[in-house]
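This report concerns only the one structure given below.
The values are calculated or read from the model by the stated rules, or taken from the named source; none is laboratory data. Given the structure is predicted, the values throughout are model-derived calculations rather than measurements. In this analysis, Cβ positions are derived from the backbone assuming ideal geometry, glycine residues included, and neighbour counts consider all displayed protein chains.
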Amino acid sequence: MTDTVREELGARTIVIPGAWNPKIFTPEWITKNLTGQRDVQISIGFGLPAFDLRLSFDEVNLILHQERLVISPIGPSDESFVRAQAISVKILTVLNHTPIIAIGVNFKFTGGCDVPDAELFELRDTAKISAMDYELKASAIKRTLKVPGKEIDLNITVEMIDGNKLAYDFNYHIAVSSPEAAITALNDLSVASLKDSTFAFMEQIYGKHID
């Protein structure tokens, strides 16, 4: 079994779905309300259905969408991730009239796939599909778990791509109904501990070490 996977650091994110106004988030507003740092860098990522506006400051990336905010650490350290959490709380505190529906914390890992890994995807219909000369390009297994002792759902998707690649997506989902509830949920949360728990899950359940 391939026992090493890589964390996709760009997917280590805090996501806040809601009704956001991206025009609020000017560099001046960020300097005044989120950080004393004046050097706020702006970049645009082009994609579908629309481009992403990315603001970088204080070792954090803030990606703006009307339907969600994505806050991610720039580096791999726990300190950077905790800073992203603190920025999330500041945003919710200042923009406390924004309709919010959830908080999400996400991780993603990728690696190779050999025979023991592929056994996860030996579903009853696989042989029948092959017998009809269809080429299986990808398969995914999805599970939703309740985190022990917390009101948090863990959504896990394990996907096999082209028979030789695996992707593991972890989404910790907390349902909330207001910015105040979202602030409470984030303050009660340790993103560094969630990261450690996710790494432990990968090792204990899937036998994977994080490179």
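In the range 198-211, which residues are under 15 Å from the mean Cα position of the chain (by Cα) and touching a residue at least 40 places away in the same chain (Cβ under 8 Å)?
Answer for the range 198-211, where residues must be under 15 Å from the mean Cα position of the chain (by Cα) and touching a residue at least 40 places away in the same chain (Cβ under 8 Å): just Thr198.
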3 or more residues closer than 30 Å to His209 by Cβ and either free of Cβ contacts under 8 Å to residues at least 40 places away in the same chain or within 18 Å of the chain's Cα centre (by Cα) (or both): qualifying strands (runs of 3 or more DSSP E) within the range 34-112: 60-64, 68-73, 102-112
Selection from the range 88-103 of residues that are crowded, with 21+ Cβ neighbours inside 10 Å, closer than 22 Å to Ser56 by Cβ and of a type in the set (Val, Ile, Thr): Ile91, Ile103
Restricting the search to the range 180-195, which residues are assigned to a helix (DSSP H, G or I) and either hydroxyl-bearing (Ser, Thr, Tyr) or free of Cβ contacts under 8 Å to residues at least 40 places away in the same chain (or both)? Thr184, Ser193
Please indicate, with yes or no, whether at least one residue in the range 134-141 is over 30 Å from Gln85 (Cβ atoms), in contact (Cβ under 8 Å) with a residue 24 or more places away in the chain and over 23 Å from the mean Cα position of the chain (by Cα). yes
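Going by the structure shown, is Lys128 among the charged types (D, E, K, R), without any contact (Cβ under 8 Å) to a residue 60 or more places away in the chain and surrounded by 13 or more Cβ atoms within 10 Å (Cβ to Cβ)?
No: the conditions fail for Lys128.
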Starting from residues that are in a loop (DSSP other than H, G, I, E, B) and modelled with pLDDT of 95 or more, keep the ones in the range 1-18 and report whichever is surrounded by the fewest Cβ atoms within 10 Å (Cβ to Cβ). Glu8
Only unsatisfied item for Ala50, checking (1) modelled with pLDDT of 95 or more; (2) surrounded by fewer than 16 Cβ atoms within 10 Å (Cβ to Cβ); (3) of a type in the set (A, V, I, L, M), is (1)
Reported set for the range 151-164 where residues are surrounded by 14 or more Cβ atoms within 10 Å (Cβ to Cβ) and not β-branched (Val, Ile, Thr) is Asp153, Leu154, Asn155, Glu159, Met160
In the range 156-179, is there at least one residue being in contact with a Ser or Thr (Cβ under 7 Å, 6 or more places away or on another chain) and in a helix (DSSP H, G or I)? yes
Just checking, how many residues over the range 131-188 are closer than 25 Å to Gly10 by Cβ and touching a His at 6+ places or on another chain (Cβ under 9 Å)? 5
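Return yes when Glu151 is among the charged types (D, E, K, R), in contact (Cβ under 8 Å) with a residue 40 or more places away in the chain and either on the phi > 0 side of the Ramachandran plot or not in a strand (DSSP E or B) (or both) and no when it is not. So that I can check it myself, show each step before the final result.
Working: among the charged types (D, E, K, R): yes; in contact (Cβ under 8 Å) with a residue 40 or more places away in the chain: no; either on the phi > 0 side of the Ramachandran plot or not in a strand (DSSP E or B) (or both): yes.
For Glu151, the condition - among the charged types (D, E, K, R), in contact (Cβ under 8 Å) with a residue 40 or more places away in the chain and either on the phi > 0 side of the Ramachandran plot or not in a strand (DSSP E or B) (or both) - is not met.
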